[in-house]
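Encoded as structure tokens, the structure appears first; notes follow it.
The values are calculated or read from the model by the stated rules, or taken from the named source; none is laboratory data. Quantities reported herein were computed from a predicted structural model and do not represent experimental measurements. Here the Cβ positions follow ideal geometry from the backbone for every residue, glycine too, while neighbour counts run over all protein chains shown. The area values use the complete protein model at the heavy-atom level, side chains included, leaving out ligands, DNA and RNA. Shrake-Rupley method; radii C 1.70, N 1.55, O 1.52, S 1.80 Å.
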Amino acid sequence: METLSAKPDTRNVSVTPRPPKKRKQGLWQSIVRQKYLYLMSLPFVIWLFVFNYLPVWGWTMAFQNYKPSKSFSEQKWVGMKNFVDLFHDERFYLVLRNTLAMSILGIIFGFIVPIFFAVFLNELKGTAFKRSVQTVSYLPHFVSWVVVAGIITKLLSIDGGIVNDILMSLHIIKEPIQFMAQGKWFWGIVTASDVWKETGWNAIIYLAAITGIDKELYEAARVDGAGRFKQMWNITLPGIRTTISVLLIMSIGHLIGIGFEKQFQLQNALVTDYSEVLDLYALKYGINISRFSYGTAISMFTSVVSIILLFTANGIMKKTTKESIM
């Protein structure tokens, strides 16, 4: 008698599929797959390395008594002597005061004015008029500080200067004021000149951010009875908060590295105690007096403090507003 073997019933048995094997993509596979992107970015990486990282080697001069006639191995190392001399120089603290004063004024006015200019410009209805105003506003950005300094000097001149003429015609003053010869006016002149020159240009990025705000938010606000100022305060400004935060962090990072072009062009011998900033101070000692190591120490101090300010501002903004650049 034959024994029949029963076959198991597999109709109700679920078979679990095997998970697909994960592709092991190494660094070289990723480079090969995105080789064209890497090739496109290579020139910019080289440019960044040559002009931003390679010069950092020059910071070694801050720890030497650098002499151009000697090779690197023949230089005399002096340790922190140049930094000790820097922090014992009374002129350094005067220059630091000028730098911080003009930087803070620049952040208060040069940062806030472009924001409100962009917001109000966005509210203009006439497209042609809006574009005309925007074009006229950012054209001064392309004017050299040499030309701007000449214009400002002429406007504030006591001999035919339009500012003194207007003030005298309104009987605000009895005799012309020598604005360019009094140090107490210098910080305000530099700030006002910079605001006039850069407001239109700095407003472009805010205008671009405003265009990304959903138009339905404005329509809903109008339905609820919100006027233009309420729309600007409750929709436009919150909508560009991220852009404002990022640019504010970057501005704080440049708090003591404000350059020297405008101060150099607008200064004169009568206002040196108010016009000299850290970059001019470094230029004076590093090039004019040939104290290369001392000038390098000043520039190194500026760079290190700027990095500390950048990370500090980024950390504070990240904790308070959840916005950061890194």
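Points worth noting:
- Every residue from the stretch 200-238 that is closer than 26 Å to Leu139 by Cβ, open to solvent by 20 Å² or more (accessible area, probe 1.4 Å) and touching a Gly at 6+ places or on another chain (Cβ under 9 Å): Asn202, Ala209, Gly212
- Qualifying residues in the stretch 196-229 (those that are of a type outside the set (D, E, K, R) and free of Cβ contacts under 8 Å to residues at least 12 places away in the same chain) - the one farthest from Lys262 (Cα to Cα): Val223
- Annotation note: of Ile189, Ile152, the sole residue that is under 23 Å from the mean Cα position of the chain (by Cα) and open to solvent by less than 50 Å² (accessible area, probe 1.4 Å) is Ile189.
- Flag if Gly257 is part of a loop (DSSP other than H, G, I, E, B) and either open to solvent by 70 Å² or more (accessible area, probe 1.4 Å) or closer than 30 Å to Gly188 by Cβ (or both): yes
- Of all the numbered requirements in (1) surrounded by 12 or more Cβ atoms within 10 Å (Cβ to Cβ); (2) free of Cβ contacts under 8 Å to residues at least 60 places away in the same chain, Ala62 misses one, and that requirement is (2).
- Restricted to helices (runs of 4 or more DSSP H) entirely inside the stretch 134-248, those with at least 2 residues that are closer than 24 Å to Asn268 by Cα and of a type in the set (D, E, K, R) are 183-210.
- Residue check for Phe92: within 20 Å of Asp279 (Cβ to Cβ) and surrounded by 16 or more Cβ atoms within 10 Å (Cβ to Cβ): yes
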